[in-house]
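Working notes for the structure below.
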Amino acid sequence: MICFADYHTHTYYSHGKGSVRDNIAAAARVGLEEVAISDHGPNHLFGFGMKSLMVLERIRADIAAARAEFPQVKCLVSIEANIISTAGDLDLPPEKAHLVDLVQAGLHASVRLASWGDFRRMYGWHYLGKLWDPWSKRSRFYNTEAVVNAIYKNRIHIITHPGHRFNVDTRAVARACRERGTAMEINCGHDHTTVEYLRIAADEGVQFVIGSDAHSPERVGDLAKGIRLAQAAGLSVKQIMNARAL
């Protein structure tokens, strides 16, 4: 099994270290056919997110400038949008979805949420849940509600690192993803993904995408960890949207 694309890469427009061109050059160097620039959405605080959605237009211009130099790599404008409410709102509103080619979304800490009530439900219970198991179950309920509602409310192509930091009901998320044609990411930048998680999600018929979550050009296309996990879980290339057989 090999991966021909890496759809989860960041640049200095959010929390990454390299430029758009650097990531495209890295993709070309490791033989990728496709790469996406997927910087964090603007509600991500403390400099982790892009300054505004208008940055997406600059990213598209940077891609156009690099196209002649790296014609072998198809590059997409993407975003790692933040889920900002239990109702499933994103910091990429539907009327701005035309700014990107690929919508990715996930739960993150240090995000400006839609309301105080969302802060209490999503962050309050999250941190209280570390102290007492019943509170952890309440946190899991609200986290799952936020992700599932986001999947149904928006056109999301990929849910990024589900279960990282914020506990979710894998089966419920996978079921929603299958019904909406949304892929679940096998993230190579974090250590939360397990073979059991992949098998539970696969039982629901969901599709997967392996992503590097690269925050530097050196990690673009670093997908070996995800491939090993997928193979250990018994996934076929037909179940992974950016993979093919050797």
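What to note about this one:
- For the residue pairs K96/K238; K51/K96; K153/K225, the alpha carbons lie more than 21 Å apart in K96/K238; K153/K225.
- Share of Cα-Cα pairs in the stretch 152-246 lying beyond 15 Å, as whole percent: 57
- Per residue of the chain, the DSSP helices (runs of n ≥ 4 H) give a summed -39500 (n - 2.57) that works out to -9500 deg cm²/dmol at 222 nm.
- The stretch 106-246, relative contact order in percent, only Cα pairs under 8 angstrom and at least six apart counted: 18
- The slack between K96 and D203, meaning 0.36 nm per residue of separation minus the straight C-alpha distance, is 35.1 nm.
- Cα long-axis angle, helix 20-29 against the chain (0 to 90 degrees, to the nearest 10): 70
- Computed with the Debye formula from one identical point scatterer per Cα of the stretch 65-107, without solvent, the log10 of I(q)/I(0) at q = 0.27 Å⁻¹ comes to -0.92.
- Residue with peak Gaussian network fluctuation, the chain [Cα springs, cutoff 10 Å], from L198, L45, L107: L45
- Here's how it looks for E185: its modeled amide H is under 5 Å from those of I159, H161, V209, which are all 5 or more places away or on a different chain.
- Accessible carbon and sulfur surface of the chain relative to its total accessible area, %, 1.4 Å: 53
- Of (i) 18.6; (ii) 19.8; (iii) 18.0, the label for Kirkwood radius over Cα pairs in Å derived from the coordinates: (iii)
- Base-10 log of normalised Debye intensity for the stretch 200-246 (one unit scatterer per alpha-carbon) at q = 0.18, 0.20, 0.24 Å⁻¹: -0.57, -0.68, -0.89
- Between helix 55-67 and the chain: long-axis angle, C-alpha atoms, 0 to 90°, nearest 10: 30
- Dipole size of the stretch 73-176 about its Cα centre, with +1 on Lys/Arg Cβ and -1 on Asp/Glu Cβ: approximately 280 debye, rounded to the nearest 20.
- For the stretch 202-210, 3J(HN,Hα) computed residue by residue from phi via the Karplus equation (6.51, -1.76, 1.60; θ = phi - 60°) reads 5, 4, 8, x, 6, 9, 10, 9, 8 Hz, glycine and proline entered as x.
- When the Cα atoms of the stretch 14-79 are aligned to their principal axes, the ranges along those axes come out at 35, 20, 14 Å in descending order.
- Between helix 170-180 and the chain: long-axis angle, C-alpha atoms, 0 to 90°, nearest 10: 60
- The modelled label-to-label distance for the pair E69/E179, using points 7 Å beyond Cα in the direction of Cβ, is 4.6 nm.
- Kirkwood analysis of the stretch 58-186, using all unique Cα-Cα pairs, places the hydrodynamic radius at 15.6 Å.
- With the simple model of a label 7 Å out from the Cα in the direction of the Cβ, D191 to E57 spans 4.3 nm.
- Sorted on the mean count of surrounding Cβ atoms within 10 Å across their residues, most packed first, peptides 129-139, 66-76, 85-95, 161-171 read 161-171, 85-95, 66-76, 129-139.
- Dimensionless Rg/Rh of the stretch 1-111 - Kirkwood Rh, Rg from C-alpha atoms: 0.98
The values are calculated or read from the model by the stated rules, or taken from the named source; none is laboratory data. Given the structure is predicted, the values throughout are model-derived calculations rather than measurements. Positions of Cβ are generated from backbone atoms using ideal geometry, with glycine treated the same way; all protein chains shown enter the neighbour counts. Surface accessibility is based on the protein's heavy atoms, side chains included, excluding ligands, DNA and RNA. Shrake-Rupley method; radii C 1.70, N 1.55, O 1.52, S 1.80 Å.
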